[in-house]
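What follows is a single structure, written as structure tokens, with notes after it.
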Amino acid sequence: MSGTEKSKAHAEQAKGKVKETVGRAVGNERLTVEGEAEQAKGNARHAKEDVKDAFRR
């Protein structure tokens, strides 16, 4: 996995987790859902890179 893609995936996951947590804390459903979506996007990016790595070997 390239370093930049890996860091982007982790950053998206972390940013999503923060948004989700803040959304739950203040009772903002939209923010909670946005956070969950960002986490899913980060997970998908990470999975894509894992697949690319598997084919490189």
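Each reported figure results from applying straightforward, stated rules to the coordinates on display, with no laboratory input. Source: prediction; values computed, not measured. So basically every Cβ, Gly included, is an ideal-geometry build from the backbone, and we count neighbours across all protein chains shown.
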Could you give me the ³J(HN,Hα) list for the stretch 45-57, computed from phi with Karplus coefficients 6.51, -1.76, 1.60 and θ = phi - 60°, whole Hz, x at Gly and Pro?
-> 4, 5, 5, 4, 5, 5, 5, 4, 5, 5, 7, 6, 7
Under a point spin-label approximation (7 Å from Cα along Cα-to-Cβ), what is the Phe55-Ser7 distance to one decimal in nm?
-> 2.6
To the nearest 20 debye, what charge dipole does the chain have about its Cα centre, counting +1 at the Cβ of each Lys and Arg and -1 at the Cβ of each Asp and Glu?
-> 200
May I ask for the angle, rounded to the nearest 10°, between helix 3-26 and the longest principal axis of the chain, with both axes built from Cα atoms and the value confined to 0 to 90°?
-> 20
So what is the 222 nm mean residue ellipticity for the chain from helices alone, if each DSSP H run of at least 4 adds -39500 (n - 2.57) and you divide by all residues, rounding to the nearest 500 deg cm²/dmol?
-> -32500 deg cm²/dmol
Provide the gained length on full extension for the span Lys48 to Asn28, in nm with one decimal, where the gain is 0.36 nm per separating residue minus the Cα-Cα distance.
-> 4.1 nm
